[in-house]
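Bear in mind these aren't lab numbers, they're just calculated from the coordinates by the rules spelled out. The shown structure was predicted, so the numbers you read here are calculated from the model rather than taken from an experiment. Cβ placement follows ideal geometry from the backbone for every residue including glycine, while neighbour counts extend to all protein chains displayed.
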Amino acid sequence: MACNGTGCQSTCYKDEEEPSSSSSSSSPCSKPSTDSVKPESTNVCCLKCKLNDAVSGYGGVDDGRFCADCFKSNLFGKFRLAVTSNAMITPTDEVLVAFSGGPSSRVALQFVHDMQERAQKNFDASRDRSLPVFGVGVVFIDESAVLPIPSTEMEEAVEVINSVVSSLAPPMKELHLVPIETVYSSNSSDGKEGIIKLVNSVSDPTGREDMLLNLRMLALQKVASEFGYNRLVLGSCTSRIASHVLSATVKGQGYSLPADIQYVDARWEIPVVLPLRDCFAQEINMLCRLDGLKTLQLSTGPSSSINGLVSSFVALLQEENPSRESTIVRTAGKLIPFHFNRIPEIVDGNVPLATRRRQKRYNLKPNESVSSESFCALCNSPLDKSEIVDWSNVDNSRSTDIFYSACCSSCQFQILPRDSMTMEQFYMDLPQSVIIRAKQANNGNLSLLREQIQDCLLSDGEDET
Amino acid sequence: MEEERQRRGGGVRLCCLCNRQRASLKRPKTLQQICRDCFYRVFEDEIHDVILSNRLFSPGDRVAIGASGGKDSTVLAYVLSKLNHAHSYGLDLFLLSVDEGITGYRDDSLLTVHRNQIQYGLPLKVVSYKELYGWSMDEIVKMIGVKNNCTFCGVFRRQALDRGAAQLKVDKVVTGHNADDIAETVLLNILRGDIARLSRCTSITTGEDGPIPRCKPFKYTYEKEIVIYPFYFIAAATSTAAFANPSPLSFTYAYFKKLDYFSTECIYSPNAYRGFAREFIKDLERIRPRAILDIIKSGENFRISTTTKMPEQGTCERCGYISSQKWCKACVLLDGLNRGLPKLGIGRSRAGITGRKDRNENYGGKSIDNKQCGTLDF
């Protein structure tokens, strides 16, 4: 409402004029050289502290408004707000950070560390020590079995990861370097063959990428569960989530989409949290640059998938309009989430009161969300009613058929092989955990179906009497 | 000749639907290799199924076909009149065109519609901006320039179509929106955050609470197939009498003619933003043809909260048209034009004059009641 149509060529925020002048001044700007910037200076003053020059080039709606320090504290603020208002991390938690070496997970790791450090200081200073400090672990999944990553590159990557994690102490963080074939419970050489066969039997390039994503989540869950963690932190940022919104739409996953893009996703054994949901990729890159955070990008070859096409489309849109990504995420945020999109309440009476009090939930609406009881056997996304198969007449069919119909239509199309021979082989190659989950889901469906039928019968009887 | 060729070369690919004739095209929707006859059969059968399964019409309905002279609406008019005969829907069909008054663009396309009227024997009604609003698009553009005039054109066209339909006393209006259009609209609504439109843009019938519902029989029909349909018709009509139509040659001529010049866009609208999304959809279709149907499916399955506030529907105090505001958008724009303030109603700045204010007051009261305080836990 601020500007009237015609007069709005004004320079409200002088974004476009500045980049040359302020990028040159970005490095000295992190340290206040003198007491204040002179008013006649060409640089834009930070909107928040009014002391230092603003830095720009980090994209998003706030680009060019803050100085380096205010920018950092603003970004950390977004992270902390997401964490506290969704009860992601409480003092008794053991948190596992999924670290790929990329900028987003690097920043997630950094911020979790900052939070832990702060909690440690408070713990040391407090008299009664009623609030313990949450524990942090780091996991890296080595996917070189199925991706064309040169072995030298992987060795370097492991070195970098080791140095990053060891530099983030105290408090100490345990590092788990795990190959992707860990999803198979047997010894790893067998697993390696199995996973190569499994991934290669998926012919669609998009399907192969998504299959790998499913396997990665399985591996993360397995590590988290084995080592006693109770939260899994992913570094998914706004840009990543915006791409996911569009690619899920393109793959026909409109029903299950809201499950994936919330702050919390507790449909897994270990709840998954996304504290960087409100941070843009450009902001994250900027922070890495400002703080000299070391990141690495493994070369995985070109991608001709739908996911790749969508990300480049979103990047293009973001360039044209700096708030496009957050608009996409906000639009999708208006879709109704599922009941598992929140951290379950602590009901255990042994947990100290102080800890329970820390579980704040500001913006969680009372349960408006619709519950869904059935999940895709492969990607674990909630199934739409039309995708749930009537199990009463498939008692004597083959296990592969049952598995096929327990998957969502998107996985059926892009991942599962068409002909029955290959499907048989695919089913044999699947990790045991997937098959167990599918069987459990089937039993769940069956009982759900019975429940529904019972309901109908009851109401019929009531009508008659 | 067909059989001869089959005997000679064993490598000739047969249509995978009928297994008899030589496959002559790759169907864009499924990538199946099929023959010409089968293409026409599946194309028309699919539309017939959509009409039946969604109960778009009931016998005796008077139906207006929104006809622009472009490929979609021309093929729609042809297919609908063919299906109406073949499956005895019992519909009274009309052609309804809107003349925006754009010299060098609309006057040409209206000539096609006039020809279609004679060819199909469908009565035609043309409503013009000039006669409804007193302004043609040429005059509007002269007044406000080439920017923002699509706002006028779009708002006016929607209402003109409804008014024309009311004059024809029809029960339904059908439009030639195809699957690509709908997929594009779903994406655009996500990109601009329009949750209200996102929830209704995939429904096949809209405006059921209004006076005249509109429906889109081409909802699942790919744009490429609509282009192929008349293109292959030419060959079909000249080689064999595949269709028992009174004058197939005159159809083909019309189609050919129309295809020819409708590759040009409206002269006032380069329409960059929509083009962006369209380009993206074409890229997707190349990788995976099913993507278009999947986008529509996603749009149908989105879980949109029923408590999300949707604008209330009322009627315009000035002209009686449906409107969520005090005045309908067309009246606001027209008022601006007539008062010499054409920027009125574009953008958000001055819309408050015409009723946004009192709506805000209504909503203000409600939103205070609904406002949630943070949970207070001590």
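Packing around the peptides B:281-294, A:86-99, A:300-313, taken as the average count of other Cβ atoms within 10 Å per residue, puts them in this order, highest first: A:86-99, B:281-294, A:300-313. Mind running the shape call on region B:39-87? Use the C-alpha gyration tensor, a ≥ b ≥ c as the square roots of the eigenvalues: rounded below 1.5 for a/c, prolate if a/b tops b/c, oblate otherwise. Verdict is oblate for region B:39-87.
Which links in B:LYS82/B:LYS329; A:LYS294/A:LYS334; A:LYS251/B:LYS71; B:LYS29/B:LYS82 stretch past 32 Å when you go from one Cα to the other?
Values: B:LYS82/B:LYS329 37 Å; A:LYS294/A:LYS334 36 Å; A:LYS251/B:LYS71 28 Å; B:LYS29/B:LYS82 22 Å.
Too far apart for the 32 Å limit: B:LYS82/B:LYS329; A:LYS294/A:LYS334.
Here region B:76-152 and region A:240-298 have alpha carbon centers that stand 47 Å from each other. Peptide A:332-341 has a mean shielding of 4, counted as Cβ atoms of other protein chains within 10 Å of each residue's Cβ.
Taking amide H positions as modeled 1.01 Å from N, with prolines and chain starts lacking one, the residues under 5 Å from B:VAL174 and 5 or more places away or on another chain are B:ALA64, B:ILE65, B:GLY66, B:CYS215.
Count, for each residue of B:284-295, the Cβ atoms from other chains sitting within 10 Å of its Cβ, then give me the mean as a whole number. Kindly include the intermediate steps, with their values, before the conclusion.
Values: counts 7, 0, 1, 9, 11, 0, 5, 8, 1, 1, 12, 6.
Across the residues of B:284-295, the mean count of other-chain Cβ atoms within 10 Å is 5.
The distance between label points at B:HIS85 and B:ARG62 comes to 2.4 nm (points 7 Å beyond Cα on the Cα→Cβ vector). Taking amide hydrogens as placed 1.01 Å from N in the peptide plane, the amide H of A:VAL55 sits under 5 Å from those of A:PHE66, A:CYS67, A:ALA68, each at least 5 positions away in sequence or on another chain. Amide H to amide H distances under 5 Å link B:LYS125 with B:LEU95, B:LEU96, B:SER97, where only residues 5 or more positions off or on other chains count and H is placed in the peptide plane.
Sparsely packed loop sites in region B:111-197 (the trypsin sites (Lys or Arg not before Pro) outside DSSP H, G, I, E and B with at most 15 other Cβ atoms within 10 Å) comprise B:LYS147, B:LYS169. Using a Förster distance of 30 angstrom, determine the FRET efficiency expected from the C-beta separation of A:SER151 and A:GLU226, and round it to 0.05. About 0.70, to the nearest 0.05. For the residues of A:243-249, the average number of beta carbons from a partner chain within 10 Å of their own beta carbon is 4.
Of the trypsin sites (Lys or Arg not before Pro) in region B:7-98, which ones lie in a loop per DSSP and count no more than 15 other C-beta atoms within 10 Å? Within region B:7-98, the qualifying trypsin sites (Lys or Arg not before Pro) (loop, at most 15 other Cβ atoms within 10 Å) are B:ARG13, B:ARG20, B:ARG55.
Taking a ≥ b ≥ c as the square roots of the Cα gyration tensor eigenvalues, with a/c under 1.5 meaning rounded and otherwise prolate when a/b beats b/c, else oblate, which class fits region A:266-336? Rounded shape, in that the Cα axes give a/c under 1.5.
For region B:101-230, the square roots a ≥ b ≥ c of the C-alpha gyration tensor eigenvalues yield an a/c under 1.5, which makes the shape rounded.
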